[in-house]
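Student: My questions will all concern the structure given below.
The values are calculated or read from the model by the stated rules, or taken from the named source; none is laboratory data. Predicted model, so just to flag it, every value in this text is computed and none were measured. Cβ: placed from backbone, ideal geometry, glycine included. Neighbour counts: every protein chain shown. Note: accessible area is taken over every heavy atom of the protein model, side chains too, but ligands, DNA and RNA are not part of it. Shrake-Rupley method; radii C 1.70, N 1.55, O 1.52, S 1.80 Å.
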Amino acid sequence: MALILLVVMLIPVFGWATPAFAADYRCAEVDLLASVETDGSVQMTDQRIFDLTEEEGSHERLKWLYDGFIEGSEIAIDRVRMAPVDEAGALKTEWVELPETTFQLSWRGGGAPEHDAWAYDKFRHTLYAFVDAMPDRVMFEVDYRVENAIEAFDDAADFQWLYVPQDYDVALANVRAEVVLPVAADDLVKPMDNVYAWGHGPADGSVDIRSDGTIVFEDPGVEPSEYAKARVMFPVEWLTNLSEEAKLANQGSLQYYWTSRYEETWVDTDTSREVIRLGLAEGLLALSAVLLLGALFAWWRWGRERPPAFRDDYWMNPPVDALAPAVLGRLWRWNHESPDDLVATVLDMVRRGLLEVKDDALVIPSAGEGLSDEQVATEQDACPDEAVLDQATLRFLRTISTGGRTLTAAKLSALAHEHPRDFLEANAAWQRQLTALVEPYGFFDKASRRAQHIVLWAAAALALLGVAGIIWIGWRSGVLALLAAAATGVLGNYITRRSPEGNDIAAHAKALRNWMRDGGWQIEGDRLTAEERAALIPYAYLFGVVKSLGVDEEADSLVALAPKLSKSLDEALRAAHKRAEVS
């Protein structure tokens, strides 16, 4: 089981998986054209090719983010049209123009109009296209105009365009953004002299300033967690129809010198940060690989059980004499705490006469009552663990019965609701007593337990580094580190192995469980005395096979009591935990 879980978790660790929350379509190509007008506005044409999966439903919605212009700009959508295309991007049919409809706020969560249309959410700068029976491969073209898109200064005009904002539903492939400047007839384009261009975004992006006044920004791919931004500066004199308001907005400010210095510094800083980020990403992945390999070695070294001396499939006696059922329960579930151990102890005490059940109530002896001193001494000699657990269980029952002589499901529930912390502390004290009894047995290999603690601590530390990686390095390396941490944690959970003695007792317990579950009780139970059969009921409860038993008069009361007591205790513990959290 451990290996199956590990293989499932390692598939994305050693293969670059696609984003876990990707949409059911992909954007195969983006071609953007921004034509700067002499009045400071920009005419935009946005063409994108979408590939839709064959499993798509009949209705599809696509969206574009246009939150990439300076403050004060205004966007007006002119037209949205679509056409199916082939693998080369050529149109298969004529364009189909979509009608505009008024955007409804409910559509943000997944609604749609009753007919094909487009709508613009101006508050979130998002364009939606709703189409029924979308082609498998389709090109959309959006024409829109951006007013007040250019900032004018005394010496330069500044155009900033976030052409791929963050948080798209899908990655954008083959992104090309082209800016066309209104070059004056009597002037020339002088790259990085009178025309400057900078691109920010993926490290493999490029910028090309051409002599005809065209600047091309290209990015092979932009992930949803990334962005791509263009900044272009050119002579303000080329904006011959600029409004007086726009001319005066930044009067007295020079832009060429300071912006070029800023961008150069930004590029140098960004390059340094990118180098550091890549180094940290490689280091995080290397650390993940080392810890995962270390966990694999630890599992190979300690995680496999030794073959027990007892090899039989069936056994009809208690796994070992003088071992309390609760102690065996801890061995059975690898020392994990469980209220089942307390229930099994109560069942065993009822069997031995230390507790009594009357009218669905548990009768609790007061201090000084119960067995005589001679009987107590005999119990301690026969099974010292039982004697200690008996006293701890009586203390627990007297605490939760608030001094009464009887304990019912109603009283148990009332205490859990009225005094949840007292109830939980009493239960924790009982579990601590059981832990103190289990430790001296050495049921679990000490070296494997130390290895488990180290591996689990390493998994927790790697998980924290993975979260930090997602925030500061990148989602891919962070997610891979988290997956490696999860795989390391799974391996760590299976590293502990039992000691030879503990493994042999567990083998007897499994054989007893098999005997009870597979009908041995009904076939061979008459070979045991009524008292011996009753003594096996607490073990049957721990193994979860009480329903498989055929009961007799001696065991009937214990079998009937087990589910009632278990349900009452589980409900009380859940109620106490909830009450304690809110109090």
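Student: Under the condition of being open to solvent by 70 Å² or more (accessible area, probe 1.4 Å) and either of a type in the set (A, V, I, L, M, F, W, C) or not in a loop (DSSP other than H, G, I, E, B) (or both), which residue from the range 211-220 is nearest to residue 174 (Cα to Cα)?
Tutor: It comes out as 220.
Student: Within the range 443-457, identify whether any single residue is more than 30 Å from residue 322 (Cα to Cα), within 15 Å of the chain's Cα centre (by Cα) and open to solvent by 30 Å² or more (accessible area, probe 1.4 Å), and answer yes or no.
Tutor: no
Student: Can you tell me which residue within the range 499-518, out of those that are open to solvent by 60 Å² or more (accessible area, probe 1.4 Å) and of a type in the set (D, E, K, R), is farthest from residue 548 (Cα to Cα)?
Tutor: Ranking the candidates gives 501 first.
Student: Still on this model: Among (1) modelled with pLDDT under 90; (2) under 36 Å from the mean Cα position of the chain (by Cα), there is one condition residue 163 misses while meeting the rest; what is its number?
Tutor: (1)
Student: Anything in the range 397-413 that is open to solvent by 40 Å² or more (accessible area, probe 1.4 Å), out of contact with any Phe, Trp or Tyr (no Cβ under 9 Å at 6 or more places or on another chain) and part of a helix (DSSP H, G or I)? List them, or say none.
Tutor: 398, 409, 410, 411, 413
Student: Within the range 466-495, which residues are part of a loop (DSSP other than H, G, I, E, B), in contact with a Ser or Thr (Cβ under 9 Å, 6 or more places away or on another chain) and buried (at least 20 other Cβ atoms within 10 Å of the Cβ)?
Tutor: Selection gives 495 alone.
Student: Scan the range 561-578 for residues that are in contact with a strand residue (DSSP E or B) (Cβ under 9 Å, 6 or more places away or on another chain) and either at pLDDT below 90 or within 12 Å of residue 421 (Cα to Cα) (or both) and report the count.
Tutor: 1
Yes/no matrix, rows are residues, columns are (1) modelled with pLDDT of 90 or more; (2) of a type in the set (D, E, K, R); (3) over 27 Å from residue 338 (Cα atoms):
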site	(1), (2), (3)
438	yes, no, no
447	no, no, no
451	yes, no, no
458	yes, no, no
468	yes, no, yes
482	yes, no, yes
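Student: Considering 546, 582, which residue is without any contact (Cβ under 8 Å) to a residue 24 or more places away in the chain and closer than 18 Å to residue 333 by Cα?
Tutor: 546
Student: Inspect all residues belonging to the range 506-522 and state whether any of them is in contact with a Lys or Arg (Cβ under 8 Å, 6 or more places away or on another chain), small (Gly, Ala, Ser) and closer than 23 Å to residue 350 by Cα.
Tutor: Looking through the range 506-522, none of the residues is in contact with a Lys or Arg (Cβ under 8 Å, 6 or more places away or on another chain), small (Gly, Ala, Ser) and closer than 23 Å to residue 350 by Cα.
Student: Also, I was wondering about something else. Just to be sure, is residue 208 in a strand (DSSP E or B), of a type in the set (Asp, Glu) and touching a residue at least 24 places away in the same chain (Cβ under 8 Å)?
Tutor: no
Student: What residue, of 88, 20, is modelled with pLDDT of 85 or more, among the small types (Gly, Ala, Ser), open to solvent by 50 Å² or more (accessible area, probe 1.4 Å) and not in a strand (DSSP E or B)?
Tutor: Among 88, 20, only 88 is modelled with pLDDT of 85 or more, among the small types (Gly, Ala, Ser), open to solvent by 50 Å² or more (accessible area, probe 1.4 Å) and not in a strand (DSSP E or B).
Student: Can you name every residue in the range 331-355 that is among the charged types (D, E, K, R) and crowded, with 24+ Cβ neighbours inside 10 Å?
Tutor: Those that are among the charged types (D, E, K, R) and crowded, with 24+ Cβ neighbours inside 10 Å: 341, 348.
Residue by residue, here is whether (1) open to solvent by less than 60 Å² (accessible area, probe 1.4 Å); (2) aliphatic (A, V, I, L, M); (3) modelled with pLDDT of 95 or more; (4) under 14 Å from residue 161 (Cβ atoms) holds:
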{"position": "181", "(1), (2), (3), (4)": "yes, yes, yes, yes"}
{"position": "185", "(1), (2), (3), (4)": "no, yes, no, no"}
{"position": "189", "(1), (2), (3), (4)": "yes, yes, no, no"}
{"position": "199", "(1), (2), (3), (4)": "yes, no, no, yes"}
{"position": "206", "(1), (2), (3), (4)": "yes, no, no, no"}
{"position": "235", "(1), (2), (3), (4)": "yes, no, no, no"}
{"position": "246", "(1), (2), (3), (4)": "yes, yes, no, no"}
{"position": "259", "(1), (2), (3), (4)": "yes, no, no, no"}
